[in-house]
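What follows is calculated from the coordinates using simple rules that are stated; it is not laboratory data. Small disclaimer: the values here were computed from a predicted structure and weren't measured. Please note: Cβ atoms are built from the backbone with ideal geometry, for glycine as well, and neighbour counts cover all protein chains shown.
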Amino acid sequence: MRIQYPEIGICGLSCRLCPQYHTEGKSRCGGCKTESRMGAGCPFITCALKKGIEFCWNCKVNETCEKWAKHRESGKKADSFKSYQKLKDDIAFIQKNGLNEFEKTQKTREHLLNKMLGEFNEGRSKSYYCIAATVMEIRELEEALKKAHKDSQGLGIKEKARVLHSELDDIARQKNYYLKLRK
């Protein structure tokens with residue numbers, strides 16, 4: 001299998017917005033297509049390796065694959081350690097606009113996530129910020145960060161985190177976003 005997009009999972013999830021991808025130390029995951037993950041037994045990885053494809057949607061039987069259909073359906077209702085809320089939308093975006101465009105948007109989202117983690121993380125917000133970076137529109141994230149920068153000048157990290165949480169929560173309420181993992 002030739003890997004061109006290491007930070008986009010075989011099933012369509014974005015590794016760039018996963019809390020495990022932004023973890024320091026031995027538990028850090030470098031993405032679904034790293035050597036350690038390729039041997040982890042994920043059914044999508046196993047199948048893709050056998051077929052020599054990088055993504056499920058490249059498979060000849062993707063339209064009838066029960067495993068992938070179930071994964072996309074369950075992504076509408078539940079998450080694992082990463083938010084699946086936008087999985088179906090992301091796959092549709094890729095199919096319409098291509099992987100290069102998707103990767104550009106994910107890099108922009110990751111850049112904004114890194115700002116949230118670097119400037120507003122009191123040590124308890126990584127998963128929350130990863131979900132926000134996944135679910136919210138880019139302009140909404142930019143707007144929340146801009147306002148939080150302005151409103152948190154001179155504050156300590158806990159207060160800064162509260163300010164950004166408040167901004168993100170306000171947008172989430174208005175747009176009916178869910179900024180928690182769904183079980």
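Within segment 48-79, being closer than 14 Å to GLY12 by Cα and among the hydrophobic types (A, V, I, L, M, F, W, C) holds for ALA48, ILE53, PHE55, CYS56, TRP57, CYS59, TRP68, ALA69.
Filtering segment 81-112 down to residues that are touching a Leu at 6+ places or on another chain (Cβ under 8 Å) and assigned to a loop (DSSP other than H, G, I, E, B), which residue is surrounded by the most Cβ atoms within 10 Å (Cβ to Cβ)? Among residues in segment 81-112 that are touching a Leu at 6+ places or on another chain (Cβ under 8 Å) and assigned to a loop (DSSP other than H, G, I, E, B), the one surrounded by the most Cβ atoms within 10 Å (Cβ to Cβ) is SER83. Among the residues of segment 4-31, those that are surrounded by 13 or more Cβ atoms within 10 Å (Cβ to Cβ) and either over 26 Å from GLY123 (Cβ atoms) or more than 18 Å from the chain's Cα centre (by Cα) (or both) comprise TYR5, PRO6, ILE8, GLY9, ILE10, CYS11, GLY12. The set of residues in segment 67-80 being under 18 Å from ILE45 (Cβ atoms), assigned to a loop (DSSP other than H, G, I, E, B) and touching a Lys or Arg at 6+ places or on another chain (Cβ under 8 Å) consists of GLY75 alone. Of all residue pairs spaced 6 or more apart or on separate chains, those with beta-carbon atoms under 6 Å, a first member in segment 115-133 that is within 14 Å of GLU159 (Cα to Cα) and a second member that is surrounded by fewer than 19 Cβ atoms within 10 Å (Cβ to Cβ) and aliphatic (A, V, I, L, M) are GLU122/ILE157.
Quick check on segment 62-74. Is at least one of its residues surrounded by 15 or more Cβ atoms within 10 Å (Cβ to Cβ) and closer than 24 Å to TYR177 by Cβ? Steps first, please.
Of segment 62-74, the ones surrounded by 15 or more Cβ atoms within 10 Å (Cβ to Cβ) are 65, 68, 71-72.
Those still in the list that are closer than 24 Å to TYR177 by Cβ too: 71-72.
Yes: one or more hits.
Taking segment 43-61 as the range and being among the aromatic types (Phe, Trp, Tyr), buried (at least 18 other Cβ atoms within 10 Å of the Cβ) and assigned to a helix (DSSP H, G or I) as the test, only PHE44 passes. Would you check which residues across segment 1-18 are in contact with a Leu (Cβ under 8 Å, 6 or more places away or on another chain) and either closer than 10 Å to PHE55 by Cα or hydrophobic (A, V, I, L, M, F, W, C) (or both) and list them? Within segment 1-18, MET1, TYR5, ILE8, CYS11, GLY12, LEU13, LEU17 meet the criteria.
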